[in-house]
Amino acid sequence: MTEWKAFTVRIAEQVAEVALTGPGKHNAMGPDFWRELPLLFGELDADPQVRAIVVTGAGRNFSVGLDLRAMRPVFDEVLADGSAAARRTRFHRALREMQEAMSAVAACRTPVVAAVHGACIGGGVDLIAAADIRYASADAKFSVREVKVAIVADVGSLQRLPRIIGEGHFRELAYTGREIDASHAERIGLVNEVVPDAVAVLRRARATAREIAANPPLVVQGIKEVAEHDQRDAVAAGLRYVAAWNSAFLPSADLVEALAALDEGRAPRFAGE
């Protein structure tokens with residue numbers, strides 16, 4: 001098994017357990033995460049001994065999402081004065097690579113079960129939306145947070161969440177960026193079940209993964225393939241569209257203000273410019 005910087009992987013009883021590990025606290029998604037995610041899921045998908053995958057977070061949280069500071073060079077491509085076509089092209093390429101990294105989870109033939117505890121913010125929601133089944137601990141918190149930092153979410157939430165929780169709940173979360181608790185997430189169908197704590201949620205996810213792994217693997221893969229068929233093209237088209245949209249419209253005074261507020265530890269003041 002490959003050594004990873006952003007993940008730890010343990011395989012037992014035909015179940016692979018993938019834990020997000022950083023960098024730093026709260027499993028923020030930095031360059032290592034985006035580079036390694038598609039490689040990891042490609043490797044697991046190709047392993048005949050892996051019949052189900054559990055995804056969780058090390059430490060107190062699942063993930064607080066994109067590491068804005070570590071990924072700042074990506075934003076600098078379109079925030080520089082003039083933002084020439086070459087810069088926008090590089091940004092578009094980088095964004096498409098990030099989209100493909102997250103889509104590797106959804107495209108994996110092996111079912112993926114997410115075990116969420118603590119914070120699941122922004123990119124964390126993108127990740128669990130790409131999973132097949134989601135469980136949460138009672139302390140879990142969820143937010144489609146991108147609107148709060150002047151970004152149109154662009155790696156999968158806007159394409160996958162409506163099919164999971166319905167248009168009304170999805171738009172409420174995406175437009176407001178508000179945080180919801182585990183019971184709310186269960187009520188709207190974002191998670192299948194809420195259990196007491198981080199230990200229990202991992203135990204619940206492992207049990208479901210083992211149950212899946214006990215079934216005929218080619219049939220399970222076939223079920224996932226058929227279930228994904230109707231939405232695959234629509235998701236792909238939506239991702240292409242938002243990549244083009246953000247390459248054109250992401251540069252804004254509000255995004256500059258959001259990043260400055262982050263650096264200065266204050267609330268942003270958006271002007272709609």
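The values are calculated or read from the model by the stated rules, or taken from the named source; none is laboratory data. Keep in mind that this is a model prediction, so the values were computed, not measured. Because the Cβ atoms are built from the backbone with ideal geometry, glycine has one as well, and the counts that use them run over all protein chains shown. Please note that ligands, DNA and RNA were not included when accessible areas were found on the heavy atoms of the full protein model with its side chains. Shrake-Rupley method; radii C 1.70, N 1.55, O 1.52, S 1.80 Å.
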Would you mind checking which residues have amide H under 5 Å from VAL54's amide H? H placed 1.01 Å from N; only 5 or more apart, or other chain.
ALA16, GLU17, VAL18, VAL113
What does the charge count around LEU218 come to, taking other residues whose C-beta lies under 12 Å from its C-beta (Lys +1, Arg +1, Asp -1, Glu -1)?
+2
Within a Cβ distance under 11 Å of VAL55, other residues only, what is the Lys/Arg minus Asp/Glu net charge?
-1
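Suppose accessible area is computed on protein heavy atoms with a 1.4 Å probe; arrange ASP45, ASP263, ASP230 from highest to lowest.
ASP230, ASP263, ASP45
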Beta bridges by DSSP in the chain, antiparallel share as percent, to the nearest 5:
30
Average accessible area per residue (Å²) across the chain - probe 1.4 Å, nucleic acids and ligands excluded
46
If each residue of separation counts as 0.36 nm, what is the full-extension length gain between LYS25 and ALA200 once their alpha-carbon separation is subtracted?
60.8 nm
Under 16 Å from the 7 Å Cα→Cβ point of GLU13, by amide nitrogen: which residues of the range 34-67?
50-55
Hey, if you put +1 on the Cβ of every Lys and Arg and -1 on every Asp and Glu Cβ in the chain, which of ALA101, PRO196, VAL242 ends up farthest toward the positive end of that dipole?
PRO196
Calculate what fraction, in whole %, of the accessible area of the chain sits on carbon and sulfur atoms when a 1.4 Å probe is rolled over the protein chains.
55
